[in-house]
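Note sheet for the following structure.
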Amino acid sequence: INLDTLVLNNPDISFRDNKNNQSISSKNTKLNLNNLSLKNSILYINKIDISKDIIDFSNENINLDSNKINLLIKNLQIADKKTSIENLSLKTLKLNFDDIKSKTKIESSNINLLLNSFLLLNEDISIKDIRLFDTKLDFLNATDKTKILAKNLNLEIKKVSNSKNEFKIEKTELNKPDISIILAKNDIQNKDKKNLQANLKKDENKTSKTKLNIGPVNINNATFNFEDKNLAIPFKTTITELNGEISQIKNTKLGTTDLVVNGVVDKYGVAKITGLVNPNNIKFLTDINMKFQNISMKSFTPYSTKFLGRELKDGKLDLDLKYNIEKSNLEAKNNILITKLQLGKQIPSPDAVSLPLEIAISLLEDSKGVINIDLPVSGNVDDPEFSVATIVWKAFTNLIIKATTAPFSLLGAIFNFNEEEIKSVKFDLNKDEITPIQKETLDKISQILTKRKDIAIKISPSFNKEKESEKIGKNRVLNISLYLR
């Protein structure tokens, strides 16, 4: 059979499978086929050009619809168990995918897909390279309303193969994408959270028969946005100039991935993330070090208002975070360096502490206005109530509480003094003269006041009413309290 040209214009096609509750419909299909030959069971087509205005597919679990599809195939050859395509180009203005069972929705627009050197031999597939460019992709998890938005997707994939139950990609380049993750306000009840965690755990225990072997993934000049709407004031941050490399992705139980990622946080901060993870299950093994420098404290006002009831007016933040997860057990070290922190106006919050925060900050700061805090975190990430951000902020809040309710303990730790040595001056009964014993305490208090110019003390005379005269009490100091100048 030889056919020079076949043209099919504008039919509307509809198919309904009532038994399996499936339907397919297509409108305004155009087919243009050039140079078809069929000889000795070998089919060759020089070019196939297909366009459709609308295509819809649905069954019990899936809905798929698309507008303005254009598919161009060049040099298609089918011979026995071998199928090859020299080039394939797919363009569509809009493609929507709705997985009803998993409550997942994907909306994409402006898809441009190029595929070169496709070969299907028996059940083995190989592709020389795949390119996806200028594409927009929106992902929504309907269960927890998490959104992932991707714009300007430019993806280059080299040497794809699928054979002997192994899916392999030699190299991937992700160029200049703009990716956003949005955590919607979470109204899932505790019971639902536990059910969700249980279902996720079941899914984790299911092992895939197909082995993944994806190989270095390079990220070039990406933009990453993160937004958390679970707070009174939504938290939002942006990382630009994001570059990095993911060494490999394997879904074997013991497979690990090395990663190095760095970028610019908001306008003037920098971030670097290094470490390794098990991509098949990050809760089985994760060992990550995240460093953030020169981050504006204003960005964390949504968290400060929740736990402290105050906005953050100014200050810089450096973070050195080390997170190790092994078999769902987390051990983390959070080194927090805050420079020249200034609090802003009060913002009511039911979770906020009611304490003199300025005094706490003054006590925590050194002579250069730097607060250096080490906050360890531990727990089990399978616990539905577990949240690293919440734990860190609560630990920070507890430190503030300690600074305001036990200031002498904190000052003693800073100057290597014992709390009992500086919070009071002790005299013998009916004695008011300064002896070397009292002088030692007073000298230590003097040392504190000399180095901490923003702290003042208030002294309260005291005496034993039963054994001492009031005159003695007025002439000596026993109790000391602190306040800001």
Selection status of Ile219, within 21 Å of Glu170 (Cα to Cα) and assigned to a strand (DSSP E or B): yes
Restricting to region 416-456, name every residue that is out of contact with any strand residue (DSSP E or B) (no Cβ under 9 Å at 6 or more places or on another chain), surrounded by 14 or more Cβ atoms within 10 Å (Cβ to Cβ) and closer than 18 Å to Ala403 by Cβ. Phe417, Glu419, Arg452
In region 101-157, the residues that are without any contact (Cβ under 8 Å) to a residue 40 or more places away in the chain and of a type in the set (Asp, Glu): Glu107, Asp129, Asp134, Asp138, Glu156
Looking at Leu155 and the list (1) aliphatic (A, V, I, L, M); (2) over 24 Å from the mean Cα position of the chain (by Cα); (3) within 15 Å of Ile214 (Cβ to Cβ), which single condition is not satisfied? (2)
Has region 45-52 got any residue that is open to solvent by 70 Å² or more (accessible area, probe 1.4 Å) and modelled with pLDDT of 90 or more? no
Could you tell me how many of the residues in region 25-38 are at pLDDT 90 or above and either not in a strand (DSSP E or B) or not hydroxyl-bearing (Ser, Thr, Tyr) (or both)? 8
Taking region 385-401 and keeping residues open to solvent by 60 Å² or more (accessible area, probe 1.4 Å) and modelled with pLDDT of 75 or more leaves Asn398
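Pick from Lys128, Lys145, Lys68, Lys94: which is over 30 Å from Ser180 (Cβ atoms) and open to solvent by 60 Å² or more (accessible area, probe 1.4 Å)? Step through it out loud before you land on a result.
Numbers: Lys145 fails: over 30 Å from Ser180 (Cβ atoms); Lys68 fails: over 30 Å from Ser180 (Cβ atoms); Lys94 fails: over 30 Å from Ser180 (Cβ atoms).
Answer to the check: Lys128.
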Provide a single number: the residues in region 316-367 that are of a type in the set (Lys, Arg) and within 30 Å of Pro279 (Cβ to Cβ). 3
From the option list Val260, Val277, Val265, single residue qualifying as within 16 Å of the chain's Cα centre (by Cα) and under 23 Å from Tyr303 (Cβ atoms) is Val265
How many of the residues in region 97-114 are open to solvent by less than 60 Å² (accessible area, probe 1.4 Å) and under 24 Å from Asn141 (Cα atoms)? 8
Which condition from (1) at pLDDT 85 or above; (2) of a type in the set (Ser, Thr, Tyr); (3) assigned to a helix (DSSP H, G or I) is the one that Thr274 breaks? (3)
Sole residue being in contact with a strand residue (DSSP E or B) (Cβ under 9 Å, 6 or more places away or on another chain), open to solvent by less than 50 Å² (accessible area, probe 1.4 Å) and free of Cβ contacts under 8 Å to residues at least 60 places away in the same chain, chosen from Leu308, Leu254, Leu343, Leu363: Leu343
If we ask which residues in region 233-268 are at pLDDT 90 or above and small (Gly, Ala, Ser), their number turns out to be 2
Options Lys236, Lys267, Lys283; residue that is part of a strand (DSSP E or B) and either under 23 Å from Phe167 (Cα atoms) or of a type outside the set (A, V, I, L, M, F, W, C) (or both): Lys236
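The values are calculated or read from the model by the stated rules, or taken from the named source; none is laboratory data. Note that this is a predicted model, so its numbers are computed, not measured. Cβ atoms come from the backbone with ideal geometry, glycine included; neighbour counts cover every protein chain shown. The protein model used for the area step is the full one, side chains on, heavy atoms only, and it has no ligands, DNA or RNA in it. Shrake-Rupley method; radii C 1.70, N 1.55, O 1.52, S 1.80 Å.
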